[in-house]
Each structure stands twice: as structure tokens, then as C-alpha cells.
Amino acid sequence: MSEPAKHSLPVLNNGVTRRTMLKGAGATLGAAAFAAAIAPITQWAKETSVDEFLQQHYKELDGDDLDRVIKRLEAEAKQNYGADVTINDYRPAPNTQFAYALNLSICIGCRRCAEACHHENNHDRATSNSYIRVLEMDKGSMNLEHGKVDYDHPVPADDKFYMPVQCQQCENAPCVNVCPVEATWQEEDGIVVVDYNWCIGCRYCEAACPYHARRFNWKKPEIPTAEVNPDQGYLSNRIRPQGVVEKCTFCLHRTRQGKLPACLEACPTGARVFGNVLDPESEIRYVLDNKRVFVLKEELGTKPRFFYFFDE
């Protein structure tokens, strides 16, 4: 059935619609490659309503439009998961620049942070997805490619240390630079976000991220009603649809309200430090000013806001 004539497709700032972008990709890649690349998108499109497909970019929604979108998403959560959820639009606070630091000397590799992330952010239960990977590393080595994520022995193990890796919230974010439809960007408080209703699932951002910090929803997330986290943010932990790329947002639905990230609260050793670097009295400022911190893959010039340090 053809689309009603009164509708027009949302247009990006550069005049490109999602439809013309997909047509351009097809001409560039060739028929076979393009068919393989958009296979997840075609499945997603079958379950996409006209209202969702015609929705404007988050930055272009006025207050009334955003309210209507949120009401629709809340109703969909009730229909699809049987859960009563509340979705809010949490905006950055003024004079705030968030950063994270992790003390590798006391991380024991228990992966409670990853489990907390899994539940807080409404991840698919079947895949045990999380935005956090905990690498088991040989002491004296910093080769991330040799880190193990599938260790199944008691921790901490002798001669090993543990390095959780998640979105680094880069100031010069490669994922943002490659997005062809401007579905991802960095906000004023330093958090890189995604408009999940604008993402077309091309996965360019996933390929561009040097930290393996983005996840693609190959199928509709499976979450039992009783396990749905009902306190959700539009740009953070609302249940993402099939066919989009998702990522850590420093739990902005919590941190922009003065709370701590779920992964930090779950850490049993106090290895995680989070806060506003513009606050001279904050714990994160103390760490950055007094510890020998480092960032991953500094040579790439991504300028992460996620720091690591050792006590010794």
C-alpha cells in the first residue's frame, strides 16, 4: 500500500532523507553486497509503523512532538513486554562534563559491573548482552587483543589483572564522524548518544569504534515482564528496537539526575570513579589530578573521557 500523500520523509540538515541514503548506498555497494548489508534492516522495517518511520530526528522534535513520541514508545513497551514504563527526556545539566576512571589495581574481574549494565539497560536476556567487556590480562602486558573475555575460573587469578572496557565517550569520536544520517552525536556533558529511531542500522559506527563498544540488535530483545527496568531515558536505556546499534551512555537516565552509573554501584571493590570534572571537589577530579592515569589507544587521537590507573 502506498504512503499517504500528506506525509513526507524526515530530512537531515544536509537535505538527505533516510530513504535517499539507502538508495545511495545500494548504488555504491552493488546489488549483492547491499542486500547482505541491509538484511537486518529489512526485517526491522516489517515491524516499523508509519509513525515511527516518519518520525523526525530527536534534535528537530519540539516539546509536543516529543511527548507524542514518548507516549507511543511507552504504549509499545506495554504491548510488546507487558510492562508499564516511564520514559523521560533527560537533558545535560549546565557546567557539567562527565568522566569515568577505573582503578585496575583493585578490579577483581567479577563482572558484576557487566551484569548490572545488562539489567539496568534492558538488554536482551537470551544473549546476555552488556555494554561492558571485562578482559583478563597477563600482568605486565597491555595488549588488548590478547585479553580473554570468556574466562570461567575463580577470580582474581594469579598473575592476571582485569580491565573492563566500555564506551570511552570520546571527545573526537570516530563513531560520530562516520554516521551517514547523523543518528549519533556528543552532547554538552560529553556523553555520546544515539537517536534509536533515526538509526538505520548500517553499522558504520560499530566498525569505526576502536574499543568494540557498540552493539547491534540482530533481533527483537527478549526481556521478561518482571525484569524490565521501567525507569527509562529516551536517549539511554529504553528498550531498543531490532536493527539498530546501541551503546553505553554513562547511564544518563541516572547520572543526569545526580545518581551514579549502575556499573559503579555494583562494583564490590570500589574500583570505579565517576563524576563531573568541572567540580574541583569531585572524586573524579581528585583521581585525574593525583593519579597517573592513562587512556586506551591514545595514539588514535580519540580523546577518551574514560581513564585507567594503577595504585602502584
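Tabulated data
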quantity	calculated
Only Lys, Arg (+1) and Asp, Glu (-1) charged, at Cβ; the stretch 203-291 dipole about Cα centre in debye	400
Extension reserve of the SER105-ASP65 stretch, reckoned as 0.36 nm per residue once the Cα distance is removed	9.6 nm
For the stretch 178-312, diffusion coefficient by Stokes-Einstein and Kirkwood Rh (Cα), 25 °C, 0.890 mPa s, µm²/s	146
Calculated FRET efficiency for the pair ALA157/ASP84, C-beta based, R₀ 51 Å, to 0.05	0.70
Span from the the stretch 189-251 Cα centroid across to the the stretch 141-184 one, whole angstrom	17
Links that overshoot a 21 Å alpha carbon limit, given the list LYS219/LYS247; LYS139/LYS247; LYS247/LYS297; LYS148/LYS219	LYS139/LYS247; LYS148/LYS219
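Every number in this text was worked out from the coordinates using simple rules, so none of it is lab data. Owing to the predicted nature of the structure, the values given are computational and were not obtained by experimental measurement. Every residue, glycine among them, receives a Cβ derived from its backbone with ideal geometry; neighbour counts consider all protein chains shown.
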